[in-house]
Each structure stands twice: as structure tokens, then as C-alpha cells.
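Peer 1: Supplied in C-alpha cells, the structure appears directly below.
The values are calculated or read from the model by the stated rules, or taken from the named source; none is laboratory data. A quick note: this is a predicted structure, and the numbers were derived from the prediction, not measured. As a convention, Cβ positions derive from the backbone with ideal geometry for all residues, glycine included, and neighbour counts pool all protein chains shown.
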Amino acid sequence: MSVGTSGGPPSAAARKVAEALAPLQLSGEHHLCPGCGHPVAWRLLLEVISELELSTKAIGVVGHGCYTNIVSLADIDFLQCLHGRAPAVATGVKRVRPEAAVFTLQGDGDLASEGLAEVLHAAARGERITVIMLNNGVFGDTGGQMTAASVVGQRTKTSLDGREPEDHGYPVPVADLVAALPGVAYVARGAVNNAGSIAKTKRYMKRAFQVAVEGEGFSFVEVLTMCPTGWFLPTADGPGYLEGTFEKTFPLGALKGS
Amino acid sequence: MPARLLQGSDAVAQAAIAAGCRFFAGYPMLPFTDLLESMAKRMPAAGGVCMNAESEIEAVNMTLGAGAAGSRAATGSCGQGIALMQEAIAEAALNEVPFVVFNMARGQQDYFQCTRGGGWGDYRTICLAPKDVTEAVEQTQLLFHLADLYRAPVIMYGDYLISHTYMSVDVEPVEFGPLPPKDWALDGTRGGTGRSRQIWTWAMGKANDPGPGPDLHWQRIADKFEDVARAEQRWESFSCEDADTVIVSFGTAAPFVEQVVGELRSDGCPVGAFRPVSLWPFPEAALSDACASASKVLVFEVNAGQMIDDVRLAIGGRVPVVPIGRVSIDFSGMRQGEILTVPWIRDRVRGLIGEGALR
Ligand SMILES: Cc1ncc(C[n+]2csc(CCOP(=O)(O)OP(=O)(O)O)c2C)c(N)n1
Ligand code: SF4
């Protein structure tokens, strides 16, 4: 296992950024674990929606997971739906409100495990929606079990000795599957484990929203995020573990469109 | 518009569109398929959307999305397909998203499925069962109204006789009275104003406007379904006033039973017929009243005995409640044939009330 170091406590500047509310954020309080990557991804999402001036057009559809807490914290319309079904629900929303910027926010458990059919068909139909998958390789909310995106060798509560392909099969590279489909306009994979990746991920999200809103087709951004709790790691070791394992299995960058 | 000869499914499709339905999604399964095809044909001209979804799970969730965004929306299937939809029907009941589900069933074995659901949580679904195409057209429009009135998913329990029968019907928009505004529907326009909206089964609210939370939210929904149970019972009874035997049946089986009752009445036999039009809420008090003079209640349904549970609850053990239907072995695969005939039902009733009942 490759584990990075945190480099000490956050700098004053970093703390200032973290403490300032993003646009469209109603509160800084959340009940996610320290070191969780999801709040960083939430923030990027809200910044992008605000910068593209989509706040009075955005309708978010979320599934079930730790990330679902955004529904209470963000000042945009949200519909919470059944585990995995968000792309189907978002399709219904978008078809009757074509003027809206409709997006889903889902975890890898939600999307890669339970909702793979929904996302692939929405992509194949070329629905003008943006799907964002927060991939931490575990079911965070239920306490760290193996998902379809857990990487080979990953220890989870249901793969205690590490994910073993012979027993558990291989992780599903959802972004690559989606990118292979014709109705899809844009696919990228980013991460939130360091400042450089965060900046790039924001650009990917921005492009993904633009593409869908302009009617070019389906767009998809996978975001690798940290779950130190589900990874059985000290908080500070999350970013390094992400880089050493997840990025190897799921390489970062734009996969389709520019 | 003058009445026209229409296939049942097509009449239902036209009634749905007349009621303002602008989103429909489905996955083929006979006899529901005809409705899906009719919708696919008619929706574009009405400015609506019809989705040939990749599964029933997708179809119902698309419909939930369209309903949450404020559109009048519908989906449908039958039997196994409705089973797949139950997770979203329950979810919609709990997060209060209205839409209509058309169960164009293969028979009467979906009674439990339609009235008891199979999803999670303390919810009920209004379920109406038409006896013929004319009534299916009326109920289609009423169901869209009830869905919006109560912010809930509702079910029409039709079947292949409704779906495939040609009947001369008149499809005109019907006015059912005022409805509350759909100010809860998500349109995305309030983001950043502090008044953005949320539809969430747990009703946790926004940080600046905490919602009721699950306990109060679910209690309110439970109370709502109690109100619905009182207000929306519908039924029809036929010569029950002095009946010694009342025969209870629902949906397209009921006209066969009515025919038998008419024939036995003219033979001087004191029988009556009762039909719950709303399967949930079940018209318990009306059935109990209709059976006031009865010494026996017979239940005819084309299944192994499902509605009979509701009949027994309504009768409360006062008189015997006897099943006279059964699972049909009809080879059409629709499970409606063999026993759904007037002579078959008449023989069963005669056998049970005894020749002594004939004056
Ligand atoms: C149909 C259904 N099955 C299972 C669950 C339980 N459940 C709630 S959250 C969750 C895991 C979410 O994992 P993921 O989508 O990866 O998001 P994370 O919690 O990691 O952010 C599961 C399995 C559920 N809510 N619904
Ligand atoms: S369990 Fe994992 S995903 Fe959930 S809040 Fe904690 S760190 Fe984040």
C-alpha cells in the first residue's frame, strides 16, 4: 500500500478557503468524516453551477450515500431518489423541463453497483444531463463494504483480505464504458486529493455542464474522492492512498470530448 | 365530439392525454403493450413525451422524475412489471410525487399487488378498477385528478378485456374541481434565493429552513392516507336491498356477475351484486350495508382468493363469506378465460344457494 503524508496541519490560507462558504452553500456544517473527499467535490459543483450562471436553472438528482447530505446544504432544487435510479429520474425531469440544467450526483456504490443499467442507458440515449459519480471505492454510508469500483487488493468490510479478482471479479471502469457509447458528448475523470487535481476536476465539471446545457449530449464526470473511514486509514493518509491505488486503476484525464 | 369505436387501450391513451398527461414511459408486456404503443403514437402530436424505457424500473423512475418536475405523468405494465415498479411507487407515496400507473393486467391475480403494494413504508395506493372501457376512460381522467389532489401515485387496475375490447366511447376532458397549486414542483428557478426546494423521502429540509424530518413527515403522510380512506371509497351495488345472497366481484368480472344476478332475480331468486370500484380504499361500510339482509356472501374473483380478505374484514364474521372464483387455467395465457362466463358463474351460484332458494 502506498501512503502519502499530509505535510502537517493546513496552512492559514487553506483554512481560510475551507471556512468561506461557496456560492449556493447554505451552511458549512455537515456530518461527513474528517478527511472525506466529498465536501471538496460538492464545493466544486456549487462553484461551477454558480460561475456558469445556472443557479436558477439547476435541478439536482441524488441517490443514497454520504454525499446525499448536499441536499440540505446547497441552495438549489434537489430530488432525492432511489439508490441507483438517478439517471432515469433525471431523464424524466429533463424531458419535461428541457430548459433546466439537470444533473445527478451519485456514489460508486449508487451508480457502478446498483445503478449501472440506468447510467448506461441514459448515456446511450444521449440524454442532455450531467452525471457526476463520486468514486471512493466503497459504500461509505453503510460502513465501508466493497462496491463494483473497489480496486484490486482493496480491503473493505466485505473483502477483508483485499479484493481478489478470483473471488470478487474486477472493478468496473464506468467512465470508460460510458465513453464508448455514441450519445455521449463528454467524459472525464478527476480527483480531489491535491490542489492540482482539484483545479482540473473543476474544469472537467464545468465543461460537462456546458456540454449538456448546450444540448450536445450526455456528459459524465467521475471524481475519485477519499474515504479514509471506509479505507481503514488515518485521515491524513487518504490523499496518498487515492493516488497510489485508485489513480492506477482509474487513470485521470478527459476520456471523450474536450 | 361524437362517440367513436375505439380499442380500450387507445381510448385510455386518449383519455390520459385529454387529462393533460404529457409524459409517459413504459416497457412492453402484454396486454399493457397496446397502451404503450398508443401513447407513442399520440404523445408527440399532443406536445408530450413517450419513452420506450429499457426496463420497468427505468420507466417508473422516469415517470417519478417527470411528476416531481410538475408534469402530469404516467407509466404502466402488469404483473411482473408492476412488481419491478413497486420500489418507486412506494418512494413516490412517501416523497409525495403524483403520477398514474396503468396496470393492464393479465387477470385478477394482481389484487394484492395493487392494493397492498410491495414497497416499503406506511403508504397506500388509491386503486380503481374499471368494469369496462367507458368506465376506464372516466377513471383515467379521475386518477390524474386524484394523484394531484393527494400528491400520490395512483393505480388503475385494468386488464386485457379493457385493453383489447373495442367500444363506442366519447373521450372529452372532464372537470373535477379545483386542485392545489403545484408550488412544490421542482423547476430549478429558485436556486440562490434561499428558497430552493427539495423532494426527499426523509424530509430533512434545507439548512436555512429545516424540514419536518422523517417522523413528522411520515406521520403526516399516514394521516393523509387515512383521509383518503374516508373520502375516496367508490362502489356500485345491484339489487342488494332485500338480497339473501350478495355476490362481490371487481373489474371486468363484475358485469358477468351482474348478468347472473339479473337472470337469477327473474327466476325469483333473492340475490344481489356488489362491486368495489375503488379497491383501495375498499368500500367497507357500503359493503356491510349492502349485505344487511344477506345470510351468505359469495366472492367471485379470478384468482386463488385475494379480495376475499377485504370482504371478510368488511363483513366481520357476521355471515359466511364463500369464495366462488378460482385461478383460471385458460390457455390464452391471460388467465381470464374458462371461468369468466355467465353459465359457469350461474352454476356455481346455483350450487351454493341451493334450489330451495328458488321460489
Ligand atoms: C435499494 C437500496 N439498497 C441499499 C441501500 C443502502 N445504502 C445506503 S447508502 C449505500 C451506499 C452508498 O455508497 P456510495 O454510493 O458509494 O456513496 P458513499 O456513501 O460512498 O458516498 C447503501 C448501499 C439503500 N439505501 N437502498
Ligand atoms: S464514510 Fe467515507 S464517504 Fe462517508 S463521510 Fe466518512 S469518509 Fe466520507
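Peer 1: Identify all residues within segment B:180-236 that are more than 8 Å from chain A (Cβ to nearest Cβ), charged (D, E, K, R) and not in a loop (DSSP other than H, G, I, E, B); write none if there are none.
Peer 2: B:Asp209, B:Asp215, B:Arg220, B:Asp223, B:Lys224, B:Glu226, B:Asp227, B:Arg230, B:Glu236
Peer 1: I've got another one for you. Conditions first: (1) of a type outside the set (Gly, Ala, Ser); (2) touching a strand residue (DSSP E or B) at 6+ places or on another chain (Cβ under 9 Å); (3) surrounded by fewer than 20 Cβ atoms within 10 Å (Cβ to Cβ). A:Lys206 passes all but one, so which condition is the exception?
Peer 2: Evaluating A:Lys206 over (1) of a type outside the set (Gly, Ala, Ser); (2) touching a strand residue (DSSP E or B) at 6+ places or on another chain (Cβ under 9 Å); (3) surrounded by fewer than 20 Cβ atoms within 10 Å (Cβ to Cβ) leaves (2) as the failure.
Peer 1: Give the residue that is farthest from ligand 2 (Cβ to nearest atom), with candidates limited to residues of segment A:217-250 that are of a type in the set (D, E, K, R) and in contact (Cβ under 8 Å) with a residue 60 or more places away in the chain.
Peer 2: Per the criteria, the residue is A:Lys248.
Peer 1: Exactly one of these conditions fails for B:Thr115: (1) in a loop (DSSP other than H, G, I, E, B); (2) more than 11 Å from chain A (Cβ to nearest Cβ); (3) crowded, with 24+ Cβ neighbours inside 10 Å. Give me its number.
Peer 2: Just one mismatch for B:Thr115, condition (1).
Peer 1: Also: Residue under question is B:Ala273, and the condition is that it be free of Cβ contacts under 8 Å to residues at least 60 places away in the same chain and assigned to a loop (DSSP other than H, G, I, E, B); does it hold?
Peer 2: No: the conditions fail for B:Ala273.
Peer 1: Let me confirm something: among A:Val192, A:Val178, A:Val213, which residue is aliphatic (A, V, I, L, M), crowded, with 20+ Cβ neighbours inside 10 Å and closer than 15 Å to A:Ser113 by Cα?
Peer 2: A:Val178
Peer 1: Out of (1) in contact with a strand residue (DSSP E or B) (Cβ under 7 Å, 6 or more places away or on another chain); (2) without any contact (Cβ under 8 Å) to a residue 40 or more places away in the chain, what's the single condition that is false for A:Asp167?
Peer 2: Of the numbered conditions (1) in contact with a strand residue (DSSP E or B) (Cβ under 7 Å, 6 or more places away or on another chain); (2) without any contact (Cβ under 8 Å) to a residue 40 or more places away in the chain, the odd one out for A:Asp167 is (1).
Peer 1: What number of residues in segment A:82-96 are surrounded by 24 or more Cβ atoms within 10 Å (Cβ to Cβ) and either modelled with pLDDT under 95 or more than 7 Å from chain B (Cβ to nearest Cβ) (or both)?
Peer 2: 4
Peer 1: Here's a check for you: in segment A:130-164, which residue that is at positive phi and either in contact (Cβ under 8 Å) with a residue 24 or more places away in the chain or within 16 Å of ligand 1 (Cβ to nearest atom) (or both) is nearest to the other protein chains (Cβ to nearest Cβ)? Explain how you work it out, then say what you get.
Peer 2: Taking segment A:130-164 first, the residues at positive phi are A:137, A:143-144, A:153, A:162.
Of the ones still in play, those that are also either in contact (Cβ under 8 Å) with a residue 24 or more places away in the chain or within 16 Å of ligand 1 (Cβ to nearest atom) (or both) are A:137, A:143-144, A:153.
On the way: A:Gly137: 25, A:Gly143: 19, A:Gly144: 22, A:Gly153: 33 Å.
Result: A:Gly143.
Peer 1: Then there is this: May I ask you to list the residues in segment B:130-141 that are of a type in the set (A, V, I, L, M, F, W, C) and surrounded by fewer than 24 Cβ atoms within 10 Å (Cβ to Cβ)?
Peer 2: Hits for segment B:130-141: nothing passes.
Peer 1: Tell me, which residue of segment A:97-114 that is crowded, with 24+ Cβ neighbours inside 10 Å and more than 9 Å from ligand 1 (Cβ to nearest atom) is nearest to the other protein chains (Cβ to nearest Cβ)?
Peer 2: Going through the qualifying residues, I end up with A:Ala100.
Peer 1: So, B:Ala203, is that one buried (at least 24 other Cβ atoms within 10 Å of the Cβ) and among the small types (Gly, Ala, Ser) or not?
Peer 2: For B:Ala203, the condition - buried (at least 24 other Cβ atoms within 10 Å of the Cβ) and among the small types (Gly, Ala, Ser) - is not met.
Peer 1: Considering only segment A:59-78, state which residues are in a loop (DSSP other than H, G, I, E, B) and more than 7 Å from every other protein chain (Cβ to nearest Cβ).
Peer 2: If the condition is that a residue be in a loop (DSSP other than H, G, I, E, B) and more than 7 Å from every other protein chain (Cβ to nearest Cβ), then A:Gly63, A:His64, A:Gly65 are the ones that fit.
Peer 1: Do we find that A:Thr56 is under 28 Å from B:Arg195 (Cβ atoms), surrounded by fewer than 24 Cβ atoms within 10 Å (Cβ to Cβ) and at the interface with another protein chain (Cβ under 7 Å from one of its Cβ atoms) in this structure?
Peer 2: So A:Thr56 passes the test.
Peer 1: What number of residues in segment A:170-201 are of a type in the set (Gly, Ala, Ser) and in contact (Cβ under 8 Å) with a residue 24 or more places away in the chain?
Peer 2: First, pick out the residues of segment A:170-201 that are of a type in the set (Gly, Ala, Ser): A:175, A:179-180, A:183, A:185, A:188, A:190-191, A:195-197, A:199.
Then drop every residue that is not in contact (Cβ under 8 Å) with a residue 24 or more places away in the chain, which leaves A:175, A:179, A:183, A:185, A:188, A:190-191, A:197.
So the count comes out to 8.
Peer 1: Tell me, which strands (runs of 3 or more DSSP E) lie completely within segment B:1-90 with 1 or more residues that are away from chain A (no Cβ under 14 Å)?
Peer 2: Fully inside segment B:1-90 and qualifying: B:4-7, B:73-77.
Peer 1: Related question: Kindly provide the set of residues from segment A:35-79 that are more than 16 Å from ligand 2 (Cβ to nearest atom) and either touching a Lys or Arg at 6+ places or on another chain (Cβ under 6 Å) or under 21 Å from A:Gly143 (Cβ atoms) (or both), ordered by number.
Peer 2: Residues satisfying the conditions are A:Val48, A:Asp77.
Peer 1: Now a separate question. Would segment B:210-232 turn up any residue that is aliphatic (A, V, I, L, M), farther than 30 Å from B:Asp289 by Cβ and touching a strand residue (DSSP E or B) at 6+ places or on another chain (Cβ under 9 Å)?
Peer 2: no
Peer 1: Follow-up question, since we're still on this one. Regarding A:Gly143, is this residue within 16 Å of ligand 2 (Cβ to nearest atom), surrounded by fewer than 18 Cβ atoms within 10 Å (Cβ to Cβ) and either assigned to a strand (DSSP E or B) or of a type in the set (Gly, Ala, Ser) (or both)?
Peer 2: yes
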